[in-house]
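The values are calculated or read from the model by the stated rules, or taken from the named source; none is laboratory data. Just so it is clear, the model here is predicted, and its values are computed rather than measured. For neighbour counting, all protein chains shown are included, and Cβ atoms are generated from backbone atoms with ideal geometry for every residue, glycine included.
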Amino acid sequence: MRMKQLISNISVVVVALLLTISGVVANDSASGRNGNASVDAESVTDAEAEGGDDIGAQVPPAEESNAEPRGPRFRSVGILPVQNETRVMHGGEQVMRILLGRLERKFRDVKFVRIDPEEDESYPGGPILLTEAKRLGEKHQVDALIDGTFLGYEVSGGTWPSRATIYPEARAIIRLRVIRTSDGTLFKYYTHKPKKMKTYSPSIRTERELFGRVVRDAIDELAKQMKQDGVFWEPERKE
C-alpha cells in the first residue's frame, strides 16, 4: 500500500516537472520568435530605405546647370543713344557707335537698328520710358530696345599718353538696359564695373586709341553676359 502511494507521488512530481519544462521551452520559443520579428522589422526598414535610393536613381536626371539658356533670343534690336555721365566729350555717342559695331560683329544673324532722335521726331531722346518702348518697337519693327549709360572712365596717371606711366591702366563703367517691345517690359540690366583697372599695351600711342580699346573690352564683356542669357537669336549649331 505504501509502495503504491510512493509511486503515485513520484508520478505527480514527474508530471509537474514535465509541465514546468514545457512552459520554459514555450516561453523561450516565444521570446525567440519576438526577437526575430524585431530584427525582421529593422531589416525591412533598411531595405525600404535602400529601395528608396534605387527608385530615386531611376528618376531621369535634371538638366545640367551649365546647359545653354534659351532666353528671349531677339531677332531684331534697336540701339538707342547712350547717356553720358562722364567728362569725356561726346562719350555717349562714341560708346553707342562702338556698341552697335561690336554687337553686329558678334551676332551676325540679328538685325540691329540705330535709332537716332534727330531722325525720329517721335523719340525725344534720353532713357526711354517702358510705356513708350512698345510704340517705338512697332514703328521700327524691332523685338527689343537697348539703351544705356556711360557711367565712368578712368585712366591712371591722368590723360594718355602719360610720362608717368609706361603701361596705361584704364577702365570704363557702362550700364545697359534690354527692353522687350512686345509688351514694353524690362528684360534685364547689365552693368560692367571692374574692380581694378586693366593694363594695356604700351603700343597704344593716343588717348583716343586707348579710349576705344577700353570701351570695346567693356562692351565685349557685356555682350558675353547677354550671350549667356540668350538675349540674341543664334542659329542652332550642327554637330
Which residues, taken from the stretch 194-239, are of a type outside the set (Lys, Arg), more than 23 Å from VAL110 (Cβ to Cβ), without any contact (Cβ under 8 Å) to a residue 40 or more places away in the chain and part of a loop (DSSP other than H, G, I, E, B)? PRO194, TYR200, SER201, PRO202, SER203
Does GLU154 satisfy being farther than 19 Å from TYR189 by Cα and surrounded by fewer than 17 Cβ atoms within 10 Å (Cβ to Cβ)? yes
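Quick check on LEU222: is it crowded, with 17+ Cβ neighbours inside 10 Å and at pLDDT 95 or above?
Spelling it out, LEU222 is indeed crowded, with 17+ Cβ neighbours inside 10 Å and at pLDDT 95 or above.
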Go through the residues of the stretch 90-105 one by one and say whether even a single one is in a loop (DSSP other than H, G, I, E, B), out of contact with any Ser or Thr (no Cβ under 8 Å at 6 or more places or on another chain) and touching a residue at least 12 places away in the same chain (Cβ under 8 Å). no
Quickly run through the stretch 129-151 and pick out the residues that are without any contact (Cβ under 8 Å) to a residue 60 or more places away in the chain and under 13 Å from VAL77 (Cβ atoms). ALA133, LEU136, GLY137
Filter the stretch 119-151 down to the residues that are assigned to a loop (DSSP other than H, G, I, E, B) and surrounded by 16 or more Cβ atoms within 10 Å (Cβ to Cβ) and list them by number. TYR123, ILE128, VAL142, ASP143
Members of the stretch 73-89 found to be hydroxyl-bearing (Ser, Thr, Tyr) and part of a strand (DSSP E or B), listed by number: SER76
Scan the stretch 112-119 and give yes if some residue there is of a type in the set (Val, Ile, Thr) and within 21 Å of ASP217 (Cβ to Cβ), otherwise no. no
Limited to the stretch 85-113, what total is found for residues that are of a type in the set (D, E, K, R) and under 21 Å from LYS188 (Cβ atoms)? 6
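Each row is one residue, and each column tells you yes or no for (1) modelled with pLDDT of 85 or more; (2) under 29 Å from the mean Cα position of the chain (by Cα).
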position: ILE115; (1), (2): yes, no
position: GLU119; (1), (2): no, no
position: GLY125; (1), (2): no, no
position: ARG135; (1), (2): yes, no
position: LYS139; (1), (2): yes, no
position: ASP147; (1), (2): yes, yes
position: GLY158; (1), (2): no, no
position: ARG163; (1), (2): no, no
